[in-house]
Amino acid sequence: MEKITKASLPGATVRLNIGNRYTISDQTGDYEFLKVPVGTYTVEVVYMGYQLQRQTVTVARGENATINFSLEDASHRMDQVEVMSDRVRGQARALNQQKNKSNITNIISSDQVGRFPDANIGEALRRVPGITMQNDQGEARNIIIRGLAPELNSVMLNGDRIPSAEGDNRRVQMDLIPSDMISSIEVNKTLTSDMDADAIGGSVNLITRASPNGERISATLSSGYNPIRDKALYTGGFVYGNRFAKSTIGMVLSGSYNNNIYGSDNVEAVWAKDKFGNAFIEETDIRKYDVQRIRRSVAAAFDFKLGQNHTIFANAMYNWRDDRENRYRMRIDDIEPQYNEGNQITGYKGRIGFQTKGGIDNDRNKMARLEDQRVQNYSLRGEHLLASNLDMDWTVSYSKAREYRPNERYMLFRQSGRTFDFAGSSEFPVFNAVNFDANAVSLNTISENNDLTEESELGAKLNFRLPLSVVAGQKGRLRFGGRLRVKDKDRNNMFTTYSPINSALIPNLGSIPNVFFDGKNFQAGEQYVPGLFASRAYLASLNLTNGKVFTGEEDPTEFLALNYSAKENIYAGYLRWDQDINDKLSVITGLRLEHTKINYTGNIIENEEDLAGTRSSKNSYTDLLPSVAVKYQAKEDLVLRGAFTTALARPNYYALTPFVGIVAGDEQITAGNPNLDATNAYNLDFMAEQYFKSVGLLSGGVFYKRLNNFIYTYADRAYTTEKFANDFSDLANPIPEGEQWAFTQSRNGESVNVYGFEVAVQRQLDFLPGRFLSGFGVYANYTFTKSKAKGVANSDGELREDMTLPGTAPHMLNASLSWENKRFAARISANYTAAYIDELGGDAFGDAFYDKQFFLDANASFKVSKVARFFAEATNLTNQPLRYYQGVSSQTRQMEYYRPRYNFGVKFDF
């Protein structure tokens, strides 16, 4: 529908000149009207930033009429707008879709993503109002929407659920998919009844490219620099789309490659209290990470027009990431404070260990720990006009996620009874070994593990739509349909420890090939000295399995309790009725029914390493989920929205697994909880949106959520035989009597109230005088969130007061300032998230907090011809660390630094 770029324009308002008859174009730019009487009509297309167009069409009895539009941008006749750039076109697409959505949504297009230096989907999502991201190795990975943890949100690809490659939860890693593989990102903050209900915080729908209306070719080549390890990064991308066979067949192919070599400098600590009430560090690490991440992604989309009434779509996407990591960890643990006569801490004693993490030397591991993650999705979809008043669409999809970690090796040297000096502040503690001698540090363990987690989902949808209006002259639609999701998840880990047959082979750390890191340029501070380690080449060269040099033994303590299998079937049906009351007010009511059936199997572990058997659990439950949404078009460009919705969140897989792990020596018990209830939520939302004709938006809204049966980690330090017998009556071998055990398990709390507000503005300042000032643009949003949880028990079994739901960041802010003309564009962007609680401990002292973060990024591009432009990007200019603290801000739990990153390249569009 676009004359210049041949791209489809989704979200266009298409109107007939009878009554209040209108429809909205879909992702491919297609639209349809049902049950139109015989006659001649004027059809009008309205699209923000483009000229209004009208055409006349005649509808004959028993026939369908087809009419196509090609829109020109408004710059051709708007004196105040000199040119509509590609980026503004992308913003127009996103805002048109957002404006015409029936629910509260944020949409960003690929052109908008290109305005920021965001390499993956997670980093792009961080710009959306109400969203913050948790990082891994400096890249945005886990999504938090409106203060709700990743497990309470859902991620889809073209409306199909993406399975999780992680072993113990439902999180989808947002750093797996490159941002240049996506056409647009749709964040649904309220649900309608035709959408999957397990999205309390919201759902993210990643939409891949649709076939263009003519030939389009795009290519990107870039390279960059990672100062933290003085290494380069390389990126390439390619897109080709076209239509064939008289435009009845559409195709778009895309691929992306990213090779990034970098790392991080990390310091960690675990805090405890002694009997005198002094807080001290009982364990501390200094870690140096060397990382290589290679992302490969390919996608294909086809559409086949089988006449005027039937279209078939086929989509496929394959994402493959190799994450290679070498980690060098100096750990001081078993720390015992030394006191003076006034019970003040004067020094410490403990043990010191130097561990190298790597892998075997082959073409895949390359002497590093390899995390091979793959996510693939295939879908077939059909859209059919069955009669003049009935259409149907269907989808069959298959998705699979896998994480494989082969031949992962660890080598640890350790020495006990060491004395340590303490330096630095309490916020940034430093421990230094006194009179360190590498020849006195002996081999402790060598291990190799092979871990495999797989999750698959088979999905099917069937939807019908027909006219149904109870208000004369107004549009009404009834939708109904069904949904099937069949999920399977398995985790199968294996862990083996090895010992040299002759201890003289590896007598001590000083006698083998090693590497020393002196702390120079260590980002947490040069006072942190990682120390001496076995080299990664030496660890990789060890032939552990020949039986002549090393003996191996499986270590069940490392994997038996972790392995499980899970099967989950979800059956859903829904009714949705859209009714316009008048030309300004419309209402959507809906009812969704979801039936969940689960079958989980876990292991029973006694004495830490003995497999006493397996334990299975089956369960099923049904949820009835009503929803109401109201949209009021107060003016042409002012939209008011309100919604009452219901949603749910199913427990994490591993939390539901009926495993029991008993460590008698430490008097510890960990257990899954197959009796966990799903979390249910009631949501109230109100949003006002003011759209600008010259492409922009000013919006503000409030929200409230009540979560019942939310899930948290319960800890009981005084767990007894009687409690065990009551909780696990089906187990033949209870724990010994007369002892108190430390017990942890996921449990349901009572309720959580979450509320807040968000405001956002995005606008090209083209109303300012002069070419220079009118070239500026602003993008900013702020979200405030607050929560209060009830029913959280502490380690003594007493309820905690004034608890905050983990993941609820009170303040989130995005801001950017841009300037652009026909050839040049530049932008500086900031992202701020306030500190928030991330994990609940047994008490307030043990709670872990994610510290505040402030990121500053910049990028610029210069168009050298009609088809080529150069670009430059810089991220994390503030060298923002990932920082956790325990209990209070001064007690640092983790600080990990990454340094800035720079990227330069060229992009071609034909």
* Asked: Looking only at region 780-791, which residues are under 26 Å from the mean Cα position of the chain (by Cα) and closer than 16 Å to SER746 by Cβ?
  -> ALA789
* Criterion violated by LEU817 - all others in (1) in a loop (DSSP other than H, G, I, E, B); (2) surrounded by fewer than 17 Cβ atoms within 10 Å (Cβ to Cβ); (3) in contact (Cβ under 8 Å) with a residue 40 or more places away in the chain satisfied -> (1)
* First in region 135-149 and in contact (Cβ under 8 Å) with a residue 40 or more places away in the chain and over 24 Å from TYR755 (Cα atoms), second anywhere and in a loop (DSSP other than H, G, I, E, B) and among the hydroxyl-bearing types (Ser, Thr, Tyr), Cβ under 8 Å, 6 or more apart -> GLN137/TYR898; GLY138/TYR898
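In this structure, is ASN106 polar (S, T, N, Q), more than 24 Å from ARG21 (Cα to Cα), at pLDDT 80 or above and within 39 Å of the chain's Cα centre (by Cα)? Walk me through how you get there before you give the answer.
Working: polar (S, T, N, Q): yes; more than 24 Å from ARG21 (Cα to Cα): yes; at pLDDT 80 or above: yes; within 39 Å of the chain's Cα centre (by Cα): yes.
Yes; evaluated as a whole, the condition is true for this residue.
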* To do: Filter region 358-402 down to residues that are in contact with a Pro (Cβ under 6 Å, 6 or more places away or on another chain) and in a strand (DSSP E or B) and give me whichever is nearest to PHE480 (Cα to Cα).
  => SER399
* If you check TYR498 against the conditions, is it of a type in the set (Ser, Thr, Tyr) and either touching a residue at least 60 places away in the same chain (Cβ under 8 Å) or surrounded by fewer than 16 Cβ atoms within 10 Å (Cβ to Cβ) (or both)? -> no
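For region 758-790, enumerate the residues that are in a strand (DSSP E or B) and farther than 20 Å from GLY147 by Cα. Lay out the reasoning, then the answer.
Within region 758-790, the first condition is being in a strand (DSSP E or B), and the residues that meet it are 758-764, 776-790.
Hits for region 758-790 are VAL761, GLN762, ARG763, GLN764, PHE776, GLY777, VAL778, TYR779.
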* **Residue that is farthest from the chain's Cα centre (by Cα) [pool: residues in region 530-543 that are crowded, with 20+ Cβ neighbours inside 10 Å and of a type outside the set (Gly, Ala, Ser)]** => LEU542
* In region 134-147, what residues are surrounded by 24 or more Cβ atoms within 10 Å (Cβ to Cβ), under 12 Å from the mean Cα position of the chain (by Cα) and not small (Gly, Ala, Ser)? -> ILE143, ILE144, ILE145
* Asked: Within the bounds of region 197-208, is there any residue that is within 19 Å of the chain's Cα centre (by Cα), under 25 Å from LEU157 (Cα atoms) and either of a type in the set (Lys, Arg) or surrounded by fewer than 19 Cβ atoms within 10 Å (Cβ to Cβ) (or both)?
  -> no
* To do: State which residue is nearest to GLY700 (Cα to Cα) when the search covers only region 791-812 and only residues that are outside any loop (DSSP other than H, G, I, E, B) and at pLDDT below 90.
  => MET803
* If a residue has to be assigned to a strand (DSSP E or B), under 20 Å from TYR755 (Cβ atoms) and either over 24 Å from the mean Cα position of the chain (by Cα) or not polar (S, T, N, Q) (or both) to count, how many in region 690-710 make the cut? -> 9
* Could you please give the count of residues in region 642-661 that are in contact with a helix residue (DSSP H, G or I) (Cβ under 9 Å, 6 or more places away or on another chain) and within 30 Å of LYS584 (Cα to Cα)? => 1
* Among the residues of region 504-561 satisfying the criterion of being of a type in the set (Lys, Arg) and in contact (Cβ under 8 Å) with a residue 40 or more places away in the chain, which is nearest to VAL267 (Cα to Cα)? -> ARG536
* Tell me which residues, restricted to region 865-900, are touching a strand residue (DSSP E or B) at 6+ places or on another chain (Cβ under 8 Å), part of a loop (DSSP other than H, G, I, E, B) and free of Cβ contacts under 8 Å to residues at least 40 places away in the same chain. => LEU877, THR878, GLN880
* Residues of region 290-338 being over 22 Å from the mean Cα position of the chain (by Cα), over 30 Å from THR395 (Cβ atoms) and touching a residue at least 24 places away in the same chain (Cβ under 8 Å), which ones? -> ASP290, ASN326, ARG327, TYR328, ARG329, MET330, ARG331, ILE332, ASP333, ASP334, ILE335, PRO337
* Structure fact -> The residue that is nearest to ALA92 (Cα to Cα), considering only those in region 38-71 that are part of a loop (DSSP other than H, G, I, E, B) and either of a type in the set (Val, Ile, Thr) or touching a Phe, Trp or Tyr at 6+ places or on another chain (Cβ under 6 Å) (or both), is ILE67
* Asked: If you go through region 42-60 one residue at a time, how many are modelled with pLDDT under 80 and within 11 Å of VAL14 (Cβ to Cβ)?
  -> 2
* **Candidate set: region 237-286, residues that are assigned to a strand (DSSP E or B), among the charged types (D, E, K, R) and closer than 30 Å to GLU341 by Cβ; chosen: the one farthest from the chain's Cα centre (by Cα)** => LYS273
* To do: State which residue is surrounded by the most Cβ atoms within 10 Å (Cβ to Cβ) when the search covers only region 14-54 and only residues that are closer than 19 Å to ASP391 by Cβ and of a type in the set (S, T, N, Q).
  => SER25
* To do: For region 274-288, enumerate the residues that are surrounded by 14 or more Cβ atoms within 10 Å (Cβ to Cβ) and of a type outside the set (S, T, N, Q).
  => ASP274, ALA279, PHE280, ILE281, GLU282, GLU283, ASP285, ILE286, ARG287, LYS288
* Those residues of region 622-679 which are under 27 Å from the mean Cα position of the chain (by Cα), of a type in the set (Ser, Thr, Tyr) and outside any loop (DSSP other than H, G, I, E, B), in sequence order -> SER627, THR645, THR646, TYR653, TYR654, THR679
* Residue within region 287-306 that is under 22 Å from LEU253 (Cα atoms) and outside any strand (DSSP E or B) present -> yes
* Taking interchain pairs and intrachain pairs at least six residues apart, which have beta carbon atoms under 6 angstrom, with the first residue in region 447-462 and over 23 Å from TYR318 (Cα atoms) and the second part of a strand (DSSP E or B) and aromatic (Phe, Trp, Tyr)? -> SER447/TYR410; ASN449/PHE495; LEU462/TRP394
* Structure fact -> Residues in region 458-494 that are more than 29 Å from the chain's Cα centre (by Cα) and part of a strand (DSSP E or B) total 10
* Asked: So, of the residues in region 841-864 that are part of a loop (DSSP other than H, G, I, E, B) and of a type outside the set (Gly, Ala, Ser), which turns out to be farthest from GLN745 (Cα to Cα)?
  -> VAL864
* Within region 270-289, restricting attention to residues that are touching a residue at least 24 places away in the same chain (Cβ under 8 Å) and among the basic types (Lys, Arg), which residue is farthest from ASP847 (Cα to Cα)? -> LYS288
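Rundown of residues vs (1) at pLDDT below 90; (2) not hydrophobic (A, V, I, L, M, F, W, C), yes/no style:
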| position | (1), (2) |
| --- | --- |
| LYS567 | no, yes |
| LEU575 | no, no |
| ARG592 | no, yes |
| SER616 | yes, yes |
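The values are calculated or read from the model by the stated rules, or taken from the named source; none is laboratory data. None of the values given here were measured: they were computed from a predicted structure. Cβ coordinates were reconstructed from backbone atoms using ideal geometry, including for glycine residues, and neighbour counts include every protein chain displayed.
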